[in-house]
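The values are calculated or read from the model by the stated rules, or taken from the named source; none is laboratory data. Nothing here was measured: the structure is a model prediction, and the numbers come from that model. Cβ atoms come from the backbone with ideal geometry, glycine included; neighbour counts cover every protein chain shown.
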Amino acid sequence: MSVRCEVRIADAPAMEALGGALATEGRRGQCITLHGPLAAGKTTLARGYLRALGHAGAVKSPTFTLVESYNLARAQVHHFDLYRLADAAELEFIGIDDYFADRADRLVEWPERGAGVLPAASVAVHIALAGSARVVTLEALDEAGSETVSRIKKIYET
């Protein structure tokens, strides 16, 4: 199950394209965690994901609200940003279980801040800075994630 894929991303449009590939190649209902330093491109990837599913409006990081939900024709998506979370237990106050009870897709920025409370993810996306570019490593964490990462790998290996 340990399927991994490494992709070099040159700019914001390429990061959005990777997010779009995750949306179109992934199974609905997956949780994808987004890891990386500030300004690495996590929200840019989320924007590409949402646009690929038909969202035409703005996509901002839900830093202060913790979660933004999008009800799209092709899917429902919950986008979390846990950067300002002081304690993982705070997730109980926003009803985290409800967000993971439905078949919505979940994108979680700064998931380490919710450790011990967040349900398991299918795919972990690790973004590392490489000058003005980014190196993105996708890691499958379960069977559904293995399928997703394998599909992404085929797209970027050609």
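Within the stretch 41-58, which residues are at pLDDT 90 or above and of a type in the set (A, V, I, L, M)?
LEU45, ALA46, LEU50, ALA52, LEU53, ALA56
So is THR63 modelled with pLDDT of 90 or more and polar (S, T, N, Q) or not? Walk me through how you get there before you give the answer.
Numbers: modelled with pLDDT of 90 or more: no; polar (S, T, N, Q): yes.
It is false that THR63 is modelled with pLDDT of 90 or more and polar (S, T, N, Q).
Can you tell me which residues in the stretch 4-26 are in a loop (DSSP other than H, G, I, E, B) and either under 13 Å from the mean Cα position of the chain (by Cα) or surrounded by 18 or more Cβ atoms within 10 Å (Cβ to Cβ) (or both)? Quick ask: steps written out before the conclusion?
The first filter runs over the stretch 4-26 and keeps only residues in a loop (DSSP other than H, G, I, E, B), leaving 10-11, 26.
Selection gives GLY26 alone.
What are the pairs, 6+ residues apart or on separate chains, where a residue within the stretch 73-89 that is closer than 23 Å to GLY19 by Cα has its Cβ under 6 Å from a residue that is part of a strand (DSSP E or B) and of a type in the set (Phe, Trp, Tyr)?
Pairs that qualify, where the first residue is closer than 23 Å to GLY19 by Cα and the partner is part of a strand (DSSP E or B) and of a type in the set (Phe, Trp, Tyr), are VAL77/TYR70.
Restricting attention to the stretch 63-99, which residues are among the small types (Gly, Ala, Ser) and over 18 Å from the mean Cα position of the chain (by Cα)? I'd like the intermediate steps shown before the answer.
Initially, the stretch 63-99 is screened for residues among the small types (Gly, Ala, Ser), giving 69, 73, 75, 86, 88-89, 95.
Matches in the stretch 63-99: ALA73, ALA86, ALA88, ALA89, GLY95.
May I ask you to say which residue of GLY131, GLY95, GLY116 is without any contact (Cβ under 8 Å) to a residue 40 or more places away in the chain and closer than 16 Å to MET15 by Cβ?
Values: GLY95 fails: closer than 16 Å to MET15 by Cβ; GLY116 fails: closer than 16 Å to MET15 by Cβ.
Being without any contact (Cβ under 8 Å) to a residue 40 or more places away in the chain and closer than 16 Å to MET15 by Cβ holds for just one of GLY131, GLY95, GLY116, which is GLY131.
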